[in-house]
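Following: one structure in structure tokens, then a few remarks.
The values are calculated or read from the model by the stated rules, or taken from the named source; none is laboratory data. Just so it is clear, the structure is predicted and the values come from calculations on it, not from any experiment. Note that we place each Cβ from the backbone using ideal geometry, even for glycine, and neighbour counts take in every protein chain shown.
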Protein chains: 2
Amino acid sequence: MSSVFDTTRRRSLPPQGVAEFKEIFGTRFVTSGAVCAHYGRDESPYPECPPDAVVFPRDADEVAQAVRLCNQYRVPIVPFGAGSSLEGHVLPIEGGITLSMTEMNQIIAVQPEDFTITVQPGVTRTQVNDALRDTGLFFPIDPGADASIGGMAATRASGTNAVRYGTMRENVVSLKVVTANGEVIRTSSRARKSSAGYDLTRLFVGSEGTLGVIVEVTLRIYPRPEAVTAAVCNFPTLADAVRSVVEIMQTGTAIARIEFMDERAVGAVNRHSRLELAETPLLLFEFHGSAGGVREQAEVVREITRDHGGSGFTWAENPEDRARLWAARHQSHFAGLQLRPGARSVATDVCVPISKLVDCVTQTVEDLKSAEFPFTIVGHVGDGNFHVQMLIDPDSRKEWQAAEAINHRLVHRAIGMEGTCSGEHGVGIHKIEFLKAEHGVAGVELMRLLKHAYDPYNIFNPGKVLAWDA
Amino acid sequence: MSSVFDTTRRRSLPPQGVAEFKEIFGTRFVTSGAVCAHYGRDESPYPECPPDAVVFPRDADEVAQAVRLCNQYRVPIVPFGAGSSLEGHVLPIEGGITLSMTEMNQIIAVQPEDFTITVQPGVTRTQVNDALRDTGLFFPIDPGADASIGGMAATRASGTNAVRYGTMRENVVSLKVVTANGEVIRTSSRARKSSAGYDLTRLFVGSEGTLGVIVEVTLRIYPRPEAVTAAVCNFPTLADAVRSVVEIMQTGTAIARIEFMDERAVGAVNRHSRLELAETPLLLFEFHGSAGGVREQAEVVREITRDHGGSGFTWAENPEDRARLWAARHQSHFAGLQLRPGARSVATDVCVPISKLVDCVTQTVEDLKSAEFPFTIVGHVGDGNFHVQMLIDPDSRKEWQAAEAINHRLVHRAIGMEGTCSGEHGVGIHKIEFLKAEHGVAGVELMRLLKHAYDPYNIFNPGKVLAWDA
């Protein structure tokens, strides 16, 4: 698999450019092999691909200086947050400079009255919630990994709470961004809504570092609910579980989380997190609200799940049990990896209209019967989004190809059902080929016009989201 | 005021182009003076500005043909929905063709299981809700006027329900758009969320017809709440009312509507809608939820408002009383107009972070003391958004200038408080000058790059949102 990247596209700084970087960044311009190797890996199945150098900026102005130099020398520049990407976003496949955001990790301001917090892009989501501890507020978006806020904004991340609180699309209030000519712009004000011109905020959210570098993020935060409870419910079949979800959504009950795990995923987290969940398809719920409100929500759910053969509806009212349950769900990626020691994970990420979810999941399970490797299925089913984790032997071209073929069929199945090739992981390298099927040639062409207008020398994370040439 | 538009910028079809339009549209290509005059007016204070011709397309393909011709002849093309714009969006100030959306008024599909509805752009919001009558679902976005869905998407409209349900930004799932070269693209799938490339949907939402023509809209819809109640509460001062709102928001109570009216606005709606509301600053609330949930919400609100001097907290549980109350609020624009027969209304539309709302409103009232014309203040205060309606003599240049000066100071006050020049009305002609103050020169330059890339001959609603040249 080491031949997947076209090395002829690599572009490097000339000695003069290196000297200029060193003058600005001193010892924070690093070319050591070990450091570059670290920044050449993420959680995707791709092989290591190190940058030429890693730079550690501390503020927007330093990022602007780095961008200006890269633009002058036509050299790629790739921001790197926590490295938790699953689709190869942060791999500098055309060489150049990686911007490590580890030193841009400051909370800039908490504005509790306005339900906003402003942070540097290297701040992680748990760091945001730590900073909010004494305010009675919290930041709900939770992709599982302790991702950086810059990375989450760049990939339009979401996760388990999105069914109630939305994704990064709905929860980024404003960004500061460095443009190709090194200017720092603010994409919008801190007002809750605006009709003042094109939505630059949503344009950069999900752009995966290909249009500019995010150097500051203002997030929307929420009052911590008065009461939180969780529940687990087992089902005879996956279809029963998914049908319950569709019906629950139709009641309009604003449940905070509705997660699906198949029996394989449950087995994996049982072993990894020492839980004793019954190994059937199950749904995990979390309810947020007033004490009375969460009881009402749970009652609705208990009734609907019973109608669909659900059993063993159990509560986790105390915070420790709840935390244990959700930690297990969050560890499911790593738990899955342990099903096959030494394996690499290929994760799929389609999202379909909820009316199509049962069909999409069941057809996918049918397709997976041919697979010779272990797999698990988990899903943010309230949103119609689910993941298959396929555990392949990294040295087996045959398994890689089989996994890719399953993914390919799954994506086209989802698009055929008016769904998307990526619910939350992003395009990166891995999904580029599917964008035309999803958006049409003319739709991708609109995206390309944008890329060419904002990044005329193709320096911003080249080779991601879309190909430079048609 | 008839000299406000630069007539040298008008561009007209050559005879050959007129012939081609007639061949495609027959009698649906109209140049009669009365029809053109109708399409040269909106609810803004600007003088009439008729197009050269009005075309009545019936589907996306006909719009594509019209756009192709306009692009070929470099002639402006301006979509027109319900004509309820307040900032001059639909005035064809550079001449050319107006696309009347009156015959593109079909509901295309209702997808209740997915909480979506797909409509042509000329469908109005009440038409959407009529189509949903038997589904148990509703479309909450409500800007007051019975605007067209295409126009609401184009201006990123919102209104009274936005505090709970968001704006058109959050509630447009997908669009079909005609691009400059006459291609029809779909901006996204019907999935609830996606990370598949640049957010073309949000790019066209709020673009005011300047990047392409919206020919189909898929909206998010919601389960109708089990219980709905409304309440009114009077306050000694405006600041007391606004402080209550800030505190209510902090409890996290998901109130559907929190509207402010000043004593002048209350007086106007009393007379217009034959109500007998006490003429003090007041807040109007609407609660959505389960029967228990709405009672809980109302209790929270009653307590907080009492702490801030609120009195006369009265309920409107029965649907007729509620409808009467909200109809009055919705009529406040027209009610205000009657305060001064023959007047024109200049409406402002700033939105600030909620922590700044008391200061912004009180400083604005102070500023308005100098005004020689009547005015009212209403606001979607849960979002930090408020409007001053200034009733000026249309023949008085002095009053127009005074109103403009107040608006100018208000906008800069809001921007200075990290707010926006437009919460929901849009930029149109009237707010162009403020975008640089809000987004910076570099931010507006990013918008201009986009406009030039998507509309190389400046045919799409030219002279709106931003100037073609820097």
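Give just the number: which of (1) touching a residue at least 60 places away in the same chain (Cβ under 8 Å); (2) away from chain B (no Cβ under 14 Å) does A:Arg340 not satisfy?
(1)
Say whether the condition of being crowded, with 18+ Cβ neighbours inside 10 Å, modelled with pLDDT under 95 and more than 27 Å from A:Arg164 (Cα to Cα) is met by at least one residue in region A:400-413.
Yes, the conditions are met somewhere in region A:400-413.
Hey, among A:Tyr222, A:Tyr198, which residue is out of contact with any Cys (no Cβ under 7 Å at 6 or more places or on another chain) and more than 22 Å from B:Thr187 (Cβ to Cβ)?
A:Tyr222
Read through the list (1) over 14 Å from the mean Cα position of the chain (by Cα); (2) within 12 Å of chain A (Cβ to nearest Cβ); (3) modelled with pLDDT of 95 or more; (4) part of a helix (DSSP H, G or I), then give the number of the only condition that B:Val128 fails.
If we test B:Val128 against (1) over 14 Å from the mean Cα position of the chain (by Cα); (2) within 12 Å of chain A (Cβ to nearest Cβ); (3) modelled with pLDDT of 95 or more; (4) part of a helix (DSSP H, G or I), just (2) comes out false.
Take the conditions buried (at least 22 other Cβ atoms within 10 Å of the Cβ) and either among the small types (Gly, Ala, Ser) or in contact (Cβ under 8 Å) with a residue 60 or more places away in the chain (or both) and apply them to B:Gly382. Does it pass?
The answer is yes for B:Gly382.
Restricting to region A:125-157, give me the number of residues that are in contact with a strand residue (DSSP E or B) (Cβ under 7 Å, 6 or more places away or on another chain) and under 23 Å from B:Ala191 (Cβ atoms).
4
Restricting to region A:244-266, and then to whatever is within 27 Å of A:Glu226 (Cα to Cα) and among the charged types (D, E, K, R), can you tell me which residue is nearest to the other protein chains (Cβ to nearest Cβ)?
A:Glu247
Give the number of residues within region A:190-224 that are at the interface with another protein chain (Cβ under 7 Å from one of its Cβ atoms) and either within 24 Å of A:Thr135 (Cβ to Cβ) or within 18 Å of the chain's Cα centre (by Cα) (or both).
Number of matching residues: 11.
Just one of the numbered conditions (1) on the phi > 0 side of the Ramachandran plot; (2) modelled with pLDDT of 95 or more is not true of B:Gly136; which one?
It fails just one condition, (2).
Each row is one residue, and each column tells you yes or no for (1) facing chain B (nearest Cβ under 8 Å); (2) farther than 22 Å from A:Asp42 by Cα.
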position	(1), (2)
A:Asp142	no, no
A:Gly151	no, no
A:Thr155	yes, no
A:Val172	no, yes
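Pick from A:Arg306, A:Arg329, A:Arg322: which is crowded, with 16+ Cβ neighbours inside 10 Å and over 15 Å from A:Met261 (Cβ atoms)?
A:Arg322
For region A:346-358, which positions are surrounded by fewer than 23 Cβ atoms within 10 Å (Cβ to Cβ) and either touching a Pro at 6+ places or on another chain (Cβ under 6 Å) or away from chain B (no Cβ under 11 Å) (or both)?
Residue satisfying the conditions is A:Ala347 alone.
May I ask you to list the residues in region A:80-120 that are on the phi < 0 side of the Ramachandran plot and under 15 Å from the mean Cα position of the chain (by Cα)?
A:Phe80, A:Gly81, A:Ala82, A:Ser84, A:Ser85, A:Leu86, A:Glu87, A:His89, A:Val90
Just one of the numbered conditions (1) assigned to a helix (DSSP H, G or I); (2) out of contact with any Leu (no Cβ under 8 Å at 6 or more places or on another chain); (3) more than 13 Å from chain A (Cβ to nearest Cβ) is not true of B:Ile406; which one?
(2)
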